[in-house]
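FYI, it's all coordinate maths here, none of it is from the lab. Worth saying up front: this structure is predicted, and the values here are computed from it rather than measured. Cβ atoms come from the backbone with ideal geometry, glycine included; neighbour counts cover every protein chain shown.
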Amino acid sequence: MNGNRALTIAAVIVAGIAVSPIVLLVLVAVSVLGSSPAMACTVTALPSAAPGASGSPAPAPTPAPGPAPVTEVGNWNAEQVGHAATIVTVGAEMNVPKYGWVVAVATAMQESSLRNLGDLGDANDHDSLGLFQQRPSMGWGTPAQLTDPRYAARKFYERLVEVDGWQELPLTVAAQRVQRSATPDAYAKWQTEAEQIVDAVTGTLGITCTSDGGDGLPGSGTGGIPPGYRLPSDQQQAAAVRFALEQVGEPYVFGAEGPDTWDCSGLMQKAWAAAGVSIPRVTGDQVRTGVAVGSLAALEPGDLILIPGSDGTMSRPGHVGMYIGLGGDGKQYLVHAPRTGDVVKVVPVSGWSSKVAAIRRPVAK
């Protein structure tokens, strides 16, 4: 955002004058391509050739088109991240919630190190093939199909969504219900890296979801800074809260982390970074950052409040906001990036009170 607007908002906060943000209208294309009524996604990146099978002495089949090229993420190279992008793309096309993308990517990390493995001859694990090491003899498909990353990902998701209550299950349990692996706990160690890759490739792919990652709540008005509000006296808290409030009125975009569009966890990370504190990027990690706060009555400005949102649960919250303090009316308020088609706004904490899954304080006092 521009410096003049930031200074204007800061002045309004100090003076305790109410301000209504400019509401930005976001036109979102919605495509219902799968069986989940809870969300719908579109993928706008132009397709390009997906990486083919690797580590195979036999020729790999001609790969299906995949998503646009993406960069390295951590220790995962461009080819591996490209396969993860294909997995995410297929999940979005099928309207599988984001947690399903993470489960799928983590599974492929464990099974193939995100490499599209062909027949390895004597080194082959039975007749296992492709990103998910699916077996033709177990009815997953033909060898040519299983080394097509898009086909392999689709088959994984088809079986995942048939698992009863899969969104409530720990990642390693959900993956094991699909894979039936001899090492059922092996998937858990990849969850954090899978979340990081999913988050990284989402913006590159231009994925827009109508509800994924949002608050799952009805509309809540214009969401301006409440009358009589003043920044906290603690300088670190004030820096984090000020940054978040300076983004009021800017659009929610799933996977965005600024400077002019935000998702919920991206806004929280950058706000605390403005206060000199590093916190994780994704909600799944932010729920473990800092120290726990026992109740809403114990809130301090800057605390992260986590709720299930549109694609999470009480045990695995998917949405986060920041407590900013009391308004002139004595009520508690928070700031958050709500959902696709909405903007960063301030809302009463009371609207979240029955849904709070966790409260975290990035800086222990």
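Structure notes:
- Hits among lysines - C-alpha to C-alpha of LYS155 under 30 Å, sequence gap 8 or more where chains match: LYS98, LYS189
- Going from the fewest other Cβ atoms within 10 Å to the most, the residues LYS270, LYS189 appear in the order LYS189, LYS270.
- Summary of packing: across the peptides 71-83, 320-332, the per-residue average of other C-beta atoms within 10 Å ranks them, highest first, as 320-332, 71-83.
- Using the average count of surrounding beta-carbon atoms within 10 Å as a protection proxy, the listed peptides 130-139, 346-355 rank, highest first, as 130-139, 346-355.
- The alpha-carbon of LYS345 sits under 20 angstrom from the alpha-carbons of these lysines, leaving out residues fewer than 8 places away in its chain: LYS270, LYS331, LYS355.
- Dimensions of region 236-365 along the principal axes, based on C-alpha atoms and rounded to the nearest Å, stand at 32, 30, 30, largest first.
- Peptides 273-281, 170-178, 86-94 ordered by average Cβ neighbours within 10 Å, highest first: 86-94, 170-178, 273-281
- Between region 74-122 and region 223-238, the Cα center-to-center distance that results, in Å: 43
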